[in-house]
Amino acid sequence: MLQRIVRAGRRGDVRRPQFVTFDILGTILDWRSGLDASCRAAGRPLRGKFDRIVDAQAELEQGSFVDYATVTERSLTSVLGLEEAEAAVIGAEVGAWPLYPDAAVPGAMMQIATCGAMTNSDRVHGQQIQAQLGFCMDVWLCAEDTRIYKPDPGFWLQMSRLRGLEPSPAWWHVSAHADYDLDVANQLGLTTVLVIRPHSRPGTASHVVQGLEELLDLVQRM
C-alpha cells in the first residue's frame, strides 16, 4: 500500500501555514484500536473487518444525513451483526477511544498557526476528544455542524466561510486518509500532509510524515 504514496509538488509554494486543519478519526484518535476494543467488549472483535466497516460507513454517509453515532451503529449491525442496542452504545463512545501518543501536537502547532478540526463525527464526540486532549482547538467543525460528510468538498467550503479564508497553499490539511481528505484538499489547492498510521489510506500529498511530531518539526524549520 505504501508504494502508492506520491509526494505532489506545490508550484514552489513551500511556506509556513497560516491555518492547519486536522482530520480526527484515525489521525488524532486511534480509530481502529478503539473500535476493536469496543467490539471485543461486545463479544464481536473486528477480525480484519475494519476496512469493511469504514467502507460501510462511507456508503451510509452518502445518503440522507444521520448523525455519526447512527452511522457507526448501522455499520456495526450490518458488518458484524451486532444488536442495535450494543452498536448504539459503541456509537456514543467514539470520542472516548484512545488517542495516538502524539495527539497533543496540535496544541503546540497552535503557537505557530490557527488550528482546527474537520471531522466526520458528532459534537459530543468532539467534546469527548478535546477533554482527552486537555485543550480545545481554535475551531472544531464536525459533520453534525455541516450536515454533510467528508469527502464532500462542501465540508471544506463551510470551513472556508467559517474562517473567512479562501482555499490556498497557506491552508494545510493533515490526515491519514487520502480518500476521505487529501484527494479533495489537493483539488482545492491546499497543502496536504499524509500521516502514516497503521491503517492509513495513502495517496498524493505535499508532505508525508511518520507522525505529528515530524509535522511539527517540519513547520518549525520553515
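Every number in this text was worked out from the coordinates using simple rules, so none of it is lab data. Remember, predicted model here, so these are calculated numbers, not experimental data. Reconstructed Cβ throughout: ideal geometry from the backbone, glycine too, with neighbour counts over all protein chains shown.
How about the range 198-222: which of its residues are over 17 Å from ARG15 (Cα atoms) and crowded, with 19+ Cβ neighbours inside 10 Å? Selection gives SER200, ARG201, PRO202, GLY203, LEU212.
Checking each residue in the range 155-187 for being out of contact with any helix residue (DSSP H, G or I) (no Cβ under 7 Å at 6 or more places or on another chain) and either free of Cβ contacts under 8 Å to residues at least 12 places away in the same chain or of a type in the set (S, T, N, Q) (or both) picks out LEU157, SER160, ARG161, GLY164, SER168, ASN186, GLN187.
Working carefully through the options GLY116, GLY95, GLY81, GLY107, find the one that is on the phi > 0 side of the Ramachandran plot and in contact (Cβ under 8 Å) with a residue 24 or more places away in the chain. Let's see the steps before the verdict.
Details: GLY116 fails: on the phi > 0 side of the Ramachandran plot; GLY95 fails: on the phi > 0 side of the Ramachandran plot; GLY107 fails: on the phi > 0 side of the Ramachandran plot.
The unique qualifying residue is GLY81.
Taken over the range 37-66, the criterion of being surrounded by 15 or more Cβ atoms within 10 Å (Cβ to Cβ) and either of a type in the set (Gly, Ala, Ser) or within 16 Å of the chain's Cα centre (by Cα) (or both) is satisfied by ALA37, SER38, ALA42, PHE50, ILE53, VAL54, ALA56, GLN57, ALA58, GLU61.
Summed over the range 126-144, residues that are assigned to a loop (DSSP other than H, G, I, E, B) and either crowded, with 23+ Cβ neighbours inside 10 Å or within 12 Å of the chain's Cα centre (by Cα) (or both) total 1.
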